[in-house]
Amino acid sequence: MNVYCVPVEAVEDIWIKVEGFFAKALGKHDAEFSLQDLKKALLNNQWKLFAFVNDEDKLNGAAVVSFITYPKSYVAFVNCIGGRAVVNEEYYKKFMETLKSYGADRVQGYVTDSIERLYKKIGVARKTTMMEVKL
Amino acid sequence: MDNLSPSPEKIENPTTTPINQDVLNLLKNKGKATQDPVVEKAKEQLRQVITQNKINPQSLIQVGKLAAQALKDPSMYQMAVDMAVKNGIMTKEEIGPGTNYKLLGYAITAGKLTEQLVQEGLK
């Protein structure tokens, strides 16, 4: 299995195969973006698409990541991740290696309580709790 | 962050999805970072600056080339400065008086990285 950064010229081809993963991940979330917003940001090269490919060269899942520059850190922020069995140690390790190879020194993302439990099992720690007020 | 609810009816979510061979080859050839993480980070940061400030990548490449020429031929320096100012890449105040060699270095690097970004699909 491997995790690849999808070149922008391949986004259209891959998108058809991964939008279902993202649709399910976004699902009932009150997300700040829609499926179409994700696609637009990828085609505009603002965010990056990472494909989770198994040993049979089939797609298991995908993630959309934005790279954020802070004064003391360069964060790979996972905006959306979806697929089958992508939260496991092997994919996690490959994904982290890939993000590190693109210069990130931290990886962050929001999760729900149920997904937090999955990540905790593979050693990912909670950093903070996000609060929100709609204005 | 992962699957949380049923998919919308019209979008299927198969367990695994086969990938077209051409696309797979593209992923395997271009889907990994090829340079040092520091360079990859610099490229991404430059891409964000170019996109957010609506800078024409070609003009940045051109300024980089002029800056490289200016290192060899000082008479080219003013041309590089004028082009950078004209294209909104820098202001005259930021460049300052005299020959700013640090800036020439930045311009050459930015030009080279922009060339790579264009090859990777930046428009």
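The values are calculated or read from the model by the stated rules, or taken from the named source; none is laboratory data. Since we're looking at a predicted model, the values are computed, not measured. Virtual Cβ from ideal backbone geometry, glycine too; neighbours counted across all protein chains shown.
The residues of segment B:20-58 that are touching a helix residue (DSSP H, G or I) at 6+ places or on another chain (Cβ under 7 Å) and polar (S, T, N, Q) amount to a single one, B:20. Taking each residue of segment A:43-58 that is in contact (Cβ under 8 Å) with a residue 12 or more places away in the chain and looking for partners that are loosely packed, with under 15 Cβ neighbours inside 10 Å and part of a strand (DSSP E or B) with beta-carbon atoms closer than 8 Å, six or more apart or interchain, yields nothing. Whether a residue is in a strand (DSSP E or B), in contact with a helix residue (DSSP H, G or I) (Cβ under 6 Å, 6 or more places away or on another chain), over 23 Å from residue A:118 (Cβ atoms) and within 11 Å of chain B (Cβ to nearest Cβ) was assessed, and residue A:52 does not pass this test. Annotation: of all residues in segment A:112-133 being outside any loop (DSSP other than H, G, I, E, B) and without any contact (Cβ under 8 Å) to a residue 12 or more places away in the chain, the one that is nearest to the chain's Cα centre (by Cα) is A:116. Can you tell me which of A:28, A:17 is surrounded by fewer than 15 Cβ atoms within 10 Å (Cβ to Cβ) and under 21 Å from residue A:85 (Cα atoms)? Exactly one residue qualifies, and that residue is A:28.
Out of B:113, B:117, B:122, one residue alone is touching a Lys or Arg at 6+ places or on another chain (Cβ under 8 Å) and not in a helix (DSSP H, G or I). It is B:122.
The numbered conditions (1) assigned to a loop (DSSP other than H, G, I, E, B); (2) within 14 Å of chain A (Cβ to nearest Cβ); (3) surrounded by 16 or more Cβ atoms within 10 Å (Cβ to Cβ) are all true for residue B:34 except (3). Suppose the filter is modelled with pLDDT of 90 or more and within 7 Å of chain B (Cβ to nearest Cβ); does residue A:75 pass it? Against the criterion (modelled with pLDDT of 90 or more and within 7 Å of chain B (Cβ to nearest Cβ)), residue A:75 does not qualify.
Within segment B:84-111, the set of residues being under 18 Å from the mean Cα position of the chain (by Cα) and aliphatic (A, V, I, L, M) comprises B:84, B:89, B:90, B:103, B:104, B:107, B:108, B:110. Of all residues in segment A:108-134, those being more than 11 Å from chain B (Cβ to nearest Cβ) and within 20 Å of residue A:71 (Cα to Cα) number 2.
Quick grid of which residues meet (1) over 28 Å from residue B:118 (Cα atoms); (2) at the interface with chain B (Cβ under 10 Å from one of its Cβ atoms); (3) at pLDDT below 90; (4) part of a loop (DSSP other than H, G, I, E, B):
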| site | (1), (2), (3), (4) |
| --- | --- |
| A:12 | no, yes, no, no |
| A:20 | yes, yes, no, no |
| A:39 | no, no, no, no |
| A:42 | no, no, no, no |
| A:56 | yes, yes, no, yes |
| A:59 | no, yes, no, no |
| A:64 | no, no, no, no |
| A:67 | no, yes, no, no |
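Going through (1) surrounded by 15 or more Cβ atoms within 10 Å (Cβ to Cβ); (2) in a helix (DSSP H, G or I) one by one, residue B:94 falls short only on (1).
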